[in-house]
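The values are calculated or read from the model by the stated rules, or taken from the named source; none is laboratory data. Remember, predicted model here, so these are calculated numbers, not experimental data. Don't worry about glycine lacking a Cβ; one is built from the backbone with ideal geometry, like all the others, and counts go over all protein chains shown. We work out accessible area using only protein heavy atoms, side chains counted, and drop any ligands, DNA or RNA first. Shrake-Rupley method; radii C 1.70, N 1.55, O 1.52, S 1.80 Å.
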Amino acid sequence: MTSTENLLSELNPAQSEAVTHAGGPLLVVAGAGSGKTRVLTRRIAYLMSARHVAPYQILAITFTNKAAGEMKARVAELVGPIAQSMWVSTFHSACVRILRQEAVRLGYANSFSIYDSADSLRLITIVAKELNLDSKRYPARQFQSMISNAKNELMGPQDYVNAASNQFEQVVADVYSVYQQRLQRANAMDFDDLILKTVEVLQRFPEAKARFRSRFRHVLVDEYQDTNHAQYILVKELVGSDSEGMPPAELCVVGDADQSIYGFRGATIRNILQFELDYPNASTVLLEQNYRSTQNILNAANAVITKNVSRKEKNLWTDSGSGALLTGYIAENEHDEARFIAEEIRQLQRDEKSQPGDTAIFYRTNAQSRVFEEVFMRNALPYKVVGGLRFYERREVKDLLAYLRVLANLDDEISLRRIINVPKRGIGDTSLDYVDLFAQQNGISFWQGLLRASEVTGLPSRAAQSIQDFTSMISALNVLVEAKTRPSVIVEAALEQSGLLQELADSTDPQDEVRVENLKELVAVSMEYEERDFEELGEDEEISLSGFLEKVSLVADADEIPEGEDHGGVVTMMTLHTAKGLEFPTVFLTGMEDGIFPHSRTLGEKDEVEEERRLAYVGLTRARKHLYISRAEYRSTWGAPNYNPPSRFLDEIPEDVIEWRNESSTSLSPSLLKRPRVATTPPPRATGKKISTIELAVGERVSHDTFGLGVVVAVAGEADKAEATIKFGQYGEKRLLLRYAPVEKL
């Protein structure tokens, strides 16, 4: 075991104070890069070696399994194998260990199952169906999100019923109630239950609480600023109070309110800001010396975070010198931004200042990775996307591409099967099996089988009707392909007519907001295909949906990026939320525009803008030596140029720590002025501005850009769904979606 003297060597005075503190509760406010893991591991080792605490009396809680594993390994290095009998785990793992012993008190067997998010969603879907709820009006994902929030606030079904203040909350309460009954019947708990049920055991059964209270004499919690209400109460119950007949456990929490960025998950910053109110005899130690970044980087981060009102005052400093100035870059658009970064990474490598493997690119939302991925592929720069699927592997992107593949090839059975019930239309696998059998018996394709659904034996009439509605919608969209409509218009029409966009837009699940952004990005990709490739087309080529899909599949199907030791490693791309806890010698903080970062949905809310500012602080403090900050003067949104003002966080960075490469786009280098042409006539905005739909009556004569002269023979639907069947000489009858049809009355 390491001697006490050695444990305290290499610690600065504040770290040493945090390690040796004894007695009342301790709050360690650990600034970014200030050595908090070292403090936690040394404190645990110090408890064992200097204060002779038995390892089984120590409970250390972290937020990730990785952090728990690292902490245990580092303590073992200091104190040897006895560290194995400590509890070092995440909140959820600690609760599972408690519940495996105590769940019988709540009517569960100790062998209870743990449902992950997908299992929970499946069960909620079954419950909603059981309660005859319309899945379009009441999406299961929305119930899941609201029930999770309730559990994080320690609200059981009955509490939720009592608090329901409108009809919708009443419906949620019904679902929550049946969902919990079904969980109990299945001897299962979801992730949120693990904490909720542990708190219930500790609050309802004094003898169970006494057992854990007498065991855990020291409770240490990492990343305390990320705790939600349920986790906060759990810690309070495990620590206990003087009134319970035994002294409370010694509590040490470590965290940094300036890095509290998980409000959307229910984390509540008040837990750390009001620690001294919750524990009146608490001591606070401030760790301000930073061992990661240069002073210029810290000055930028300090200046930004100071603008937040609700925070504890602290100022990060380092004795490792000022270092290089930050580099700022104003790109013309997102492609220019990605090109600049790719060129800069290569230049740093040539100058032997930094290798690609030392480099990270941060962005606010996952959709922003797409342009970087394409530019890096073209430049043969190896990269990996962390904490998120590569753009074309995301479910909603694959769903929309499957719609487009069907429109380009109606016999694409795999794509048809993927989308026929997305969004849900009540067309199950059994119905599709009937259609498949019918198609095989009649020697026709799966699509032709769907068109003849009314003839399929055994197919329920409801499913047959849903299939007819689906084929009708696909047939109408397919006319756009026949008419050689621009891909971006087809993409938008498919998004709108399919209901894909509506389903996500109606949801309150924050994840679905991200999915809308990814779909929006695919519209931008189709616009780029039309614009950039316009001048590059060969004589026999034309802009088409098939051409667009071919381009996408070539990018999406690029080989898995090699580890590429020869290239000096791979560039890492990730969202700012994923970046927390990491560090890199070189960091590019991108998309610094109001509306992108801070995110548009936060702009009206003071608390939310403060959380975005903390996210900026997290991004800035990940960099060790080189920090680049970039913004674009405009970027594509639904394929049209969108001009965002510079991020308010840029104004907060002191001028003397940043060097701007270009003050405006007029100073862009000639090589960077090759930009995609912006379409002068944007397509109808299925997803943005409403356009007026032509109104036609039977018998009217019309002219169509592709099919020529025709006569209206039938009209149906209204507003966005308005369509007309028109007879065009040699082309025969065509069913046109009027919103997208280039038709004029004669």
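Residue-by-condition table, conditions (1) modelled with pLDDT under 90; (2) of a type outside the set (A, V, I, L, M):
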| site | (1), (2) |
| --- | --- |
| 630 | no, yes |
| 639 | yes, yes |
| 658 | no, no |
| 722 | yes, no |
Are any residues in the stretch 198-229 under 28 Å from the mean Cα position of the chain (by Cα) and surrounded by fewer than 22 Cβ atoms within 10 Å (Cβ to Cβ), and if so, which ones?
-> 229
Filter the stretch 197-218 for residues that are under 25 Å from residue 155 (Cα atoms) and not in a helix (DSSP H, G or I) and give the result.
-> 205
Which ones in the stretch 728-746 are small (Gly, Ala, Ser) and either part of a helix (DSSP H, G or I) or on the phi > 0 side of the Ramachandran plot (or both)?
-> 729, 732
Residue 376 being open to solvent by less than 10 Å² (accessible area, probe 1.4 Å), within 19 Å of the chain's Cα centre (by Cα) and under 25 Å from residue 583 (Cβ atoms) = no
State all residues of the stretch 534-583 that are under 30 Å from the mean Cα position of the chain (by Cα), modelled with pLDDT under 55 and either closer than 21 Å to residue 378 by Cβ or among the hydroxyl-bearing types (Ser, Thr, Tyr) (or both); if no residue qualifies, say none.
-> 557, 558, 559, 560, 561, 562, 563, 564, 567
Selected residue (criterion: surrounded by the fewest Cβ atoms within 10 Å (Cβ to Cβ)) from residues of the stretch 311-339 that are over 21 Å from residue 586 (Cβ atoms) and among the charged types (D, E, K, R) = 313
Picking from 508, 457, the residue that is open to solvent by 20 Å² or more (accessible area, probe 1.4 Å) and either of a type in the set (Lys, Arg) or touching a residue at least 40 places away in the same chain (Cβ under 8 Å) (or both) would be 508
Criterion violated by residue 603 - all others in (1) under 29 Å from residue 529 (Cβ atoms); (2) open to solvent by 10 Å² or more (accessible area, probe 1.4 Å) satisfied | (1)
Cβ-Cβ below 8 Å, separation at least six or inter-chain, first residue in the stretch 148-166 and farther than 13 Å from residue 267 by Cα and touching a residue at least 40 places away in the same chain (Cβ under 8 Å), second open to solvent by 50 Å² or more (accessible area, probe 1.4 Å) and assigned to a helix (DSSP H, G or I): which pairs?
-> 154/229
Residues of the stretch 51-96 being part of a loop (DSSP other than H, G, I, E, B), surrounded by fewer than 17 Cβ atoms within 10 Å (Cβ to Cβ) and either hydrophobic (A, V, I, L, M, F, W, C) or in contact with a strand residue (DSSP E or B) (Cβ under 8 Å, 6 or more places away or on another chain) (or both), which ones?
-> 54, 64
Flagged pairs (Cβ under 8 angstrom, 6 or more apart or on separate chains; first in the stretch 300-321, aromatic (Phe, Trp, Tyr); second in a loop (DSSP other than H, G, I, E, B) and open to solvent by 10 Å² or more (accessible area, probe 1.4 Å)) are 317/288
When you look at residue 429, is it without any contact (Cβ under 8 Å) to a residue 12 or more places away in the chain and either among the charged types (D, E, K, R) or open to solvent by less than 50 Å² (accessible area, probe 1.4 Å) (or both), yes or no?
-> yes
Out of the residues in the stretch 615-632 that are surrounded by 23 or more Cβ atoms within 10 Å (Cβ to Cβ) and of a type in the set (D, E, K, R), which is nearest to residue 337 (Cα to Cα)?
-> 631
Give the stretch 102-132 a look and list any residue that's of a type in the set (S, T, N, Q) and touching a residue at least 40 places away in the same chain (Cβ under 8 Å), or say none.
-> 111, 113, 117, 120
Verdict on residue 299 being under 27 Å from residue 255 (Cβ atoms) and open to solvent by 50 Å² or more (accessible area, probe 1.4 Å) = yes
Inspect the stretch 153-170 for any residue being part of a helix (DSSP H, G or I) and open to solvent by less than 20 Å² (accessible area, probe 1.4 Å) and give the result as yes or no.
-> no
Confirm whether residue 437 is part of a helix (DSSP H, G or I) and either open to solvent by less than 20 Å² (accessible area, probe 1.4 Å) or hydroxyl-bearing (Ser, Thr, Tyr) (or both).
-> no
Taking into account only those residues within the stretch 230-255 that are in contact with an Asp or Glu (Cβ under 8 Å, 6 or more places away or on another chain) and under 20 Å from residue 153 (Cβ atoms), which is least open to solvent (accessible area, probe 1.4 Å)?
-> 230
Taking interchain pairs and intrachain pairs at least six residues apart, which have beta carbon atoms under 8 angstrom, with the first residue in the stretch 212-239 and within 16 Å of residue 250 (Cβ to Cβ) and the second among the aromatic types (Phe, Trp, Tyr)?
-> 215/56; 216/87; 222/63; 224/275; 238/212; 238/216
Does residue 180 count as in a helix (DSSP H, G or I) and open to solvent by 60 Å² or more (accessible area, probe 1.4 Å)?
-> no
Every residue from the stretch 581-600 that is in contact (Cβ under 8 Å) with a residue 12 or more places away in the chain and surrounded by fewer than 21 Cβ atoms within 10 Å (Cβ to Cβ) = 581, 582, 583, 585, 594, 595, 599
Does residue 342 satisfy the condition of being of a type in the set (Gly, Ala, Ser) and open to solvent by 20 Å² or more (accessible area, probe 1.4 Å)?
-> no
Say we look at the stretch 234-258 and pick out the residues that are assigned to a strand (DSSP E or B) and hydrophobic (A, V, I, L, M, F, W, C); which of these is farthest from the chain's Cα centre (by Cα)?
-> 251
